[in-house]
Each structure stands twice: as structure tokens, then as C-alpha cells.
Amino acid sequence: MHTITGHAHLDLKLENLLVGENNQLKITDLGMAAPHHVPQKETRGTLEYMPPEVFNAEKTGSYDGIKADIWSLGVILFILEFGQPPWKTPDPADKIYGKFKRKPE
């Protein structure tokens, strides 16, 4: 078994989460993982799970990979609770997503 510590996954999504023996959660597909202390400048991840700062990385400069993973985790938890994603695609025209894009704080 391999473990990666000190890294941001950068593509957390339901498809990359597996449940193993004893209901132990396993995170797979570490192909986009990067050291957490390095500011990210590339758009990485899956569109539906992507936070605004990643979606606009080319315009805004860099973003924190750990914070991006936390956003993706929030989308995962939303899907697990409500059975559907909070939006179809991260589009500024979507009322909820648009608010995050305009005022991420």
C-alpha cells in the first residue's frame, strides 16, 4: 500500500473514492497530486468538482491545492447527502456558483 502525505490530490471526486475492507476509505488516481506547499497555476481536476479559483486559474494566477481539495470534498458530501451535484457545471451563469465566483470569501 502506498501513501502520499504532504500533497494535494487536485482531482477528488466520487469516482476516485473506494471503500475497502472494514469500510476503510481509499483515495485513488493520484496522477494530478502535487506538493501542498507549492502554489498551483494549472487548471487541474474534474469540472463538476472544481472550485472557482481553479476554474479561473489562468486569469487569477495561483491557487492553494489543499483549499481546492476541500471544495471538492464539499461537492462530494453534497452529492452524498442530496443525490445530485449542487450545479450541473461550474458556470458563472448558475446563481449559486456565480456568487462564489464573484465573492469567493
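Within the range 81-105, the set of residues being at pLDDT below 85, surrounded by 12 or more Cβ atoms within 10 Å (Cβ to Cβ) and either touching an Asp or Glu at 6+ places or on another chain (Cβ under 6 Å) or part of a helix (DSSP H, G or I) (or both) comprises 87, 97, 98, 99, 100, 101. Scanning the range 5-13 turns up one or more residues that are at pLDDT 90 or above, over 10 Å from the mean Cα position of the chain (by Cα) and not aliphatic (A, V, I, L, M).
Counting only residues that are modelled with pLDDT under 95, touching an Asp or Glu at 6+ places or on another chain (Cβ under 7 Å) and not charged (D, E, K, R), the range 14-34 holds 1 of them. Of the residues making up the range 55-74, those that are touching a residue at least 40 places away in the same chain (Cβ under 8 Å) and assigned to a helix (DSSP H, G or I) are 55, 65, 66, 68, 69, 72, 73.
On the stretch given as the range 37-80, residues that are buried (at least 18 other Cβ atoms within 10 Å of the Cβ), of a type outside the set (Ser, Thr, Tyr) and either in contact with a helix residue (DSSP H, G or I) (Cβ under 8 Å, 6 or more places away or on another chain) or modelled with pLDDT of 90 or more (or both) total 14. Here residue 26 meets the list (1) part of a strand (DSSP E or B); (2) closer than 27 Å to residue 88 by Cβ almost entirely, failing just condition (2).
The values are calculated or read from the model by the stated rules, or taken from the named source; none is laboratory data. The structure presented is a predicted model; accordingly, all values stated were derived computationally and were not measured. Cβ: placed from backbone, ideal geometry, glycine included. Neighbour counts: every protein chain shown.
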